[in-house]
Amino acid sequence: MNTLNLLESQLDPNQAAINEICAAGEPWVKQIKRGQKFRIVDLEGNQAVDTLFYNASNALEHYSATDTIRRQNRLYLSAGSKLYSNSGNAMLTIIADTCGQHDTLGGACAAESNTVRYALEKFPMHNCRDNFLHALAHDPLCQQLGMSKRDLPSNINFFMNVPVTKAGGLEFVDGLSAPGKYVEMRAEMDVIILISNCPQLNNPCNAYHPTPIRLLIWD
Amino acid sequence: MNTLMVLSTAPHPLDPGKSYQPGAIHLELFDTPPEAVTECLRIAENIRALHNTQHFYCGNMT
């Protein structure tokens, strides 16, 4: 295991242009402009925050997990990581991180994946894919861009701990995060942020207890 | 399920090779032997996934 890459921010929450709470298990959508800074705070600890980014003027360009991993030769995200799009553009740069490691392999939980991973009766449970679909269909920013379920690429799971074993196995384990830990990034282009504050109750990604997150944006 | 497969034999972007040397591959298609299905069903996730596929075909898997 490599040492965690921790870097604190100098930005003052009192100076933030936007300071909002996203309740446990809920979706959240916002547009940020190039140069603005965006922070996610894990208020109570061990809360997976499933996140996608889109070019604010063309949703066909979006966050790409494969490009982000491949271009930097790194499996995990932390301070210094660039978040690449499917067009090879750096969409955002992580500029501060007090958690130290974030996942982009585990994907978003879904009704379908819950039936396969856990039990067929788990289908009706609240999940990230349904949160994403609801936001894509009903949020005005998503509607303006004509987005639909075709616009759901592989996502980032901020604060989620998905270690890869030497044999290549994936494990969903208890998080590295703790109350008040945050990750902060600078937008390199105008982007739409789509978040599902993960409602998963079938594995330890939220410590079996989904909690709220705080979202801050600075000019 | 009936599946459309798309392949590309372009060398991987992380291939450290100094020269661009795409190679040919050989493709063969077989009927699935029963023991392969039995092997697959040793994993509980696979049993549930195949149940979902049956559901997709309304139980009429041919």
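The values are calculated or read from the model by the stated rules, or taken from the named source; none is laboratory data. A quick note: this is a predicted structure, and the numbers were derived from the prediction, not measured. Quick reminder, even Gly has a Cβ in these numbers, built from the backbone with ideal geometry, and neighbours come from all protein chains shown. These accessible areas exclude ligands, DNA and RNA; they are computed on the full protein's heavy atoms, side chains included. Shrake-Rupley method; radii C 1.70, N 1.55, O 1.52, S 1.80 Å.
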TODO: Please work out which residue is nearest to the other protein chains (Cβ to nearest Cβ), limiting yourself to region B:15-62 and to residues that are closer than 26 Å to A:Thr115 by Cβ and of a type in the set (Lys, Arg).
DONE: B:Arg48
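Residues checked against (1) at pLDDT 95 or above; (2) among the hydroxyl-bearing types (Ser, Thr, Tyr); (3) open to solvent by 20 Å² or more (accessible area, probe 1.4 Å):
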| residue | (1), (2), (3) |
| --- | --- |
| A:Pro27 | yes, no, yes |
| A:Val49 | yes, no, no |
| A:Asn55 | yes, no, yes |
| A:Leu75 | no, no, yes |
Open item on the list: Just to check your reading of the model, which residue among A:Asp151, A:Asp103, A:Asp174, A:Asp130 is open to solvent by less than 60 Å² (accessible area, probe 1.4 Å), charged (D, E, K, R) and touching a helix residue (DSSP H, G or I) at 6+ places or on another chain (Cβ under 8 Å)?
Closed with: A:Asp151
TODO: Kindly provide the set of residues from region A:77-100 that are polar (S, T, N, Q) and open to solvent by 30 Å² or more (accessible area, probe 1.4 Å), ordered by number.
DONE: A:Asn86, A:Ser87, A:Asn89
TODO: With the checklist (1) within 14 Å of chain A (Cβ to nearest Cβ); (2) touching a residue at least 12 places away in the same chain (Cβ under 8 Å) in hand, flag the one item B:Thr9 doesn't pass.
DONE: (1)
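Filter region B:32-61 down to the residues that are in a helix (DSSP H, G or I) and among the hydrophobic types (A, V, I, L, M, F, W, C), then identify the one that is most open to solvent (accessible area, probe 1.4 Å). Break it down into steps so the answer makes sense when it comes.
Going residue by residue through region B:32-61, those that are in a helix (DSSP H, G or I) are B:34-40, B:44-56.
Still in the list and also among the hydrophobic types (A, V, I, L, M, F, W, C): B:36-37, B:40, B:44, B:47, B:49-50, B:56.
Values: B:Ala36: 45, B:Val37: 68, B:Cys40: 48, B:Ala44: 51, B:Ile47: 87, B:Ala49: 34, B:Leu50: 65, B:Phe56: 132 Å².
Filtering region B:32-61 for residues that are in a helix (DSSP H, G or I) and among the hydrophobic types (A, V, I, L, M, F, W, C), the one most open to solvent (accessible area, probe 1.4 Å) comes out as B:Phe56.
Take the residues in region A:106-119 that are aliphatic (A, V, I, L, M) and within 14 Å of chain B (Cβ to nearest Cβ); name whichever of them is most open to solvent (accessible area, probe 1.4 Å). Step through it out loud before you land on a result.
To start, the set of residues in region A:106-119 that are aliphatic (A, V, I, L, M) comprises A:108, A:110-111, A:116, A:119.
Next, only the ones that are within 14 Å of chain B (Cβ to nearest Cβ) stay: A:110-111, A:116, A:119.
Working: A:Ala110: 9, A:Ala111: 5, A:Val116: 40, A:Ala119: 19 Å².
Checked region A:106-119; the qualifying residue most open to solvent (accessible area, probe 1.4 Å) is A:Val116.
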- [ ] Within region B:1-17, work out how many residues are open to solvent by 70 Å² or more (accessible area, probe 1.4 Å) and at pLDDT below 90.
- [x] 6
